[in-house]
Amino acid sequence: MVRPAVTAGTAAALLLMLLPGIGSAQSRPAPVLDPNPGATGRPLPGPVFETPDFTRAVARGTRSRDGRPGSAYWTQYARYRIDATLDADADRLHGREHVVYLNRSPDTLSMVAVYLRQNVFAPGSPRVGAAPVTGGITLEGVDVAGTALTAEPGANPALPITASPPGPPSAGHYAVNGTVMWVRLPRPLLPTDSVSLDMDWSFTPPPAPPSDGREGHEASAAGDVWIFGYWYPQLAVYDDVDGWVTDPYLNGAEFYMGYGDYDVRVTVPHAWPVGATGVLQNADEVLSARSRGRLAEARSGGEVVNIVTPGPDAEAAFAPGGPTATWHFVADDVRDFAWGTGDKYVWDATRALIDEERDTVAIHSLYRLHAPAAAWAVGGARFTRDAIESLSDYLWPYPWPVMTSLEGVLDGGGMEYPMATAMQPWADTLSLAGDLMHETGHMWFPMQVGSSETRHPWMDEGLTQFDDAQAMRAIYGEPRRGGRANDSEQGQRALYLAAARAGNEGTLMRQGDRFPRDLDFIMYYDKTAQVLAALRGVLGEDTFHRALREY
């Protein structure tokens, strides 16, 4: 049949040409320069140049200049098995981890890089913003392929911070360089081979707020909450363009993570509900028959069903046992794992309906009963469900069986993890709905698309900001009052234009930790959303929408 002059494929290529390092400077004309920019007031686009590393990847066949993977494209993979115990009285998390790292690259690796992001809270660790000092992570054992390793003699655990080790660790050793650990393998890791690492570790969760705005322990009269994000040693990304990507975690820009399978057991005080990435495997061991029945009712009926409420009847929601309980979760093909628990959490559940061809998505919402979180009791589970359904309709179906929202720890906005989000205790219902829409939107960007938030934060925050506005409008219509300004196109546009007119314009092509802290939100989030809205105006709604999905 006859296709439109601008197809979804070519429009997707236009989207990709916006992305750093993908468009080829040689394959498109240089921008036209306005000879009199003062007369028009229009900003002039600058060229986007291809990096030498990307050029080499194209030559090797792993990348292409139209943005699609090359015929020789590959990615690494890992399989994690983690056992962790929260000692609530001592405020300490103890973990033991076994990870199998699969080398699917054509390269032979003599070392592997492992992130220890809790070291951002170590004394002397560089960071872009203030953070509490907890001592960072304590490594109690590092074993590779059955060989016990020790720390490189004389290595400084915090300084200096570089993208590569100050010197490769010698045989039988590892070297901790701030938030990155380099491990010397006993023997080189060949292509198609794998290696196993075993690590024992512990740390004190940072007090929150302020923590790093993403995790920590919040103690209050309403109840203690622990959110564990970036809590375990995680293999860094080794990709076909840059090799090992070990940008340090500086308490600022977010993350670039590889994909893997997770088998995780967390032990917490008895009768404390746990929300996490993944699917609970042992409900019969941690929950009573009554609670399991209510979860089944929530999954089949679609109403919001209360599973746990603090108080005299709370114990009846859990299986009888000793002072602790171990919750077992499994998540496949995700780029991270996070979890949270609390002593006074309410737990509500419902379901999201995606389409007629697949099962429903289990929705969980955990929150405390206190005035700052009043909106959660009204809509925590319902708004999470709405977000999954509306974003699935606008983008493409949500691929995982569970989505969980957790209240607490954060004092501004929310933070995303695969299949889970943590969020501040909103009292305004429309603000909670918008924040849940945005953080749930990250289940598509970057959780599925897999971009580097560290180097290109606009690629996940900006696209999610745009999607947030589309889905919010579909449910609630154009905003009239209440809610957050940045959850609508009008609000996003007004925020960006106010900053630009005040002389605070900023380029999107900048690494997250190098952007002025007072401008990063407006530029990465709201400016990107305006760029996408403008592109939609050029292409038309239908073509733009097909292009966004194809990208």
_Projecting each Cα onto the charge dipole of the chain (Lys/Arg +1, Asp/Glu -1 at the beta carbon, about the Cα centre), which of 135, 404, 179 comes out farthest on the positive side?_
179
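Using only alpha carbon pairs under 8 Å that are at least six residues apart, calculate the relative contact order of the stretch 322-417 and give it in whole percent. Present the calculation step by step, with values, prior to reporting the outcome.
Details: 111 pairs, mean separation 26.9, N = 96.
After rounding, I find 28 percent.
Can you tell me the dipole magnitude for the chain around its Cα centre, using point charges on the Cβ only (Lys, Arg +1; Asp, Glu -1), in Debye to the nearest 20? Let's see the in-between values first.
Numbers: 44 positive and 67 negative charges, 254 e Å.
In total the dipole reaches around 1220 debye.
Among 304, 241, what's the order by accessible area (1.4 angstrom probe), most exposed first?
Values: 304 70, 241 25 Å².
Result, largest first: 304, 241.
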*Work out the charge dipole of the stretch 437-507 with +1 on the Cβ of Lys and Arg and -1 on the Cβ of Asp and Glu about the Cα centre, then indicate which of 469, 502, 441 is farthest towards its positive end.*
502
*Using Cα pairs under 8 angstrom and six or more residues apart, how large is the relative contact order of the chain, in percent?*
13 percent
*Considering Cα pairs under 8 angstrom that are at least six residues apart, work out the relative contact order of the stretch 259-359 and quote it in whole percent.*
49 percent
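For the stretch 328-463, give the magnitude of the charge dipole about the Cα centre (Cβ charges: +1 Lys/Arg, -1 Asp/Glu; no others), in debye to the nearest 20.
Working: 8 positive and 21 negative charges, 67 e Å.
The calculated dipole for the stretch 328-463 is roughly 320 debye.
Expressed as a whole percentage, what fraction of the accessible surface of the chain belongs to carbon and sulfur atoms when a 1.4 Å probe is rolled over the protein heavy atoms? It would help to have the intermediate numbers written out before the result.
Details: 12250 of 22400 Å².
Carbon-and-sulfur percentage of accessible area, whole number: 55.
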*Based only on the alpha carbon positions, what is the Kirkwood hydrodynamic radius of the stretch 331-428, in angstrom?*
13.9 Å
*asked:* Explain nothing, just compute: Karplus ³J(HN,Hα) = 6.51 cos²θ - 1.76 cosθ + 1.60, θ = phi - 60°, for every residue of the stretch 55-67 in order, whole Hz, x for Gly and Pro.
replied: 4, 5, 5, 4, 5, 7, x, 8, 10, 9, 7, 9, x
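Treating only the Cβ atoms of Lys and Arg (+1) and Asp and Glu (-1) as charged, compute the dipole magnitude of the stretch 421-551 about its Cα centre; round to the nearest 20 debye.
Working: 14 positive and 19 negative charges, 59 e Å.
That gives a dipole near 280 debye.
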*Sequence-distant or interchain residues sharing an amide H contact under 5 Å with residue 152, placed H: which?*
174, 175, 176
*Counting only DSSP beta bridges with both residues in the chain, tell me the antiparallel percent, nearest 5.*
80 percent
*So how far apart, in nm, are the two label points at residue 130 and residue 356 if each is 7 Å from Cα heading toward Cβ?*
5.8 nm
*Quick one: what are the phi-derived ³J(HN,Hα) couplings along the stretch 482-492, Karplus 6.51/-1.76/1.60 with θ = phi - 60°, whole Hz, x for glycine and proline?*
x, x, 9, 4, 7, 9, 9, 4, 4, x, 4
_In range of the label at residue 480: residues from the stretch 418-450 whose backbone nitrogen is under 17 Å from the point 7 Å along Cα→Cβ_ = 429-431
*Among 326, 281, 302, flag the residue with its Cα farthest along the positive direction of the charge dipole of the stretch 266-363, charges on Cβ as +1 for Lys/Arg and -1 for Asp/Glu.*
326
*Calculate, for the chain, the solvent-accessible area per residue in square angstrom, rolling a 1.4 angstrom probe over the heavy atoms of the protein chains.*
41 Å²
*Rounded to the nearest Å, what's the spacing between the alpha carbon centres of the stretch 291-321 and the stretch 64-97? Just the number, please.*
31 Å
_If I compute Cα Rg over 2.2 N^0.38 Å from the structure I just sent, which labelled value in [x] 1.05; [y] 1.46; [z] 0.98 lines up?_
[z]
_How large is the direction-averaged shadow of the alpha-carbon convex hull of the stretch 249-371, in nm²?_
10.1 nm²
*Helix-derived mean residue ellipticity, 222 nm - over the chain, DSSP H n ≥ 4, -39500 (n - 2.57), to 500*: -7000 deg cm²/dmol
*Would you mind computing, in nm to one decimal, how far apart the modelled labels at residue 494 and residue 279 are, each placed 7 Å from Cα along Cα→Cβ?*
4.5 nm
*What residues have an amide H closer than 5 Å to that of residue 333, excluding those fewer than 5 places away on the same chain, when H is modeled at 1.01 Å from N in the peptide plane?*
260, 261, 262
*Is any residue of the stretch 479-502 close enough, with backbone N under 19 Å, to a label point placed 7 angstrom from the Cα of residue 378 along the Cα-Cβ axis, and if so, which?*
479-488
*Built amide H within the under 5 Å cut-off of residue 307, gap 5+*: 347, 348, 349
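Beta carbons within 10 angstrom, averaged per residue: use that to sort the peptides 199-205, 362-368, highest first.
On the way: 199-205: 21.0, 362-368: 26.1.
Ranking, from highest mean packing down: 362-368, 199-205.
The values are calculated or read from the model by the stated rules, or taken from the named source; none is laboratory data. Being a predicted model, the structure only gives us computed values, none of them experimental. Positions of Cβ are backbone-derived with ideal geometry, glycine not excepted, and every protein chain shown enters the neighbour counts. Note: accessible area is taken over every heavy atom of the protein model, side chains too, but ligands, DNA and RNA are not part of it. Shrake-Rupley method; radii C 1.70, N 1.55, O 1.52, S 1.80 Å.
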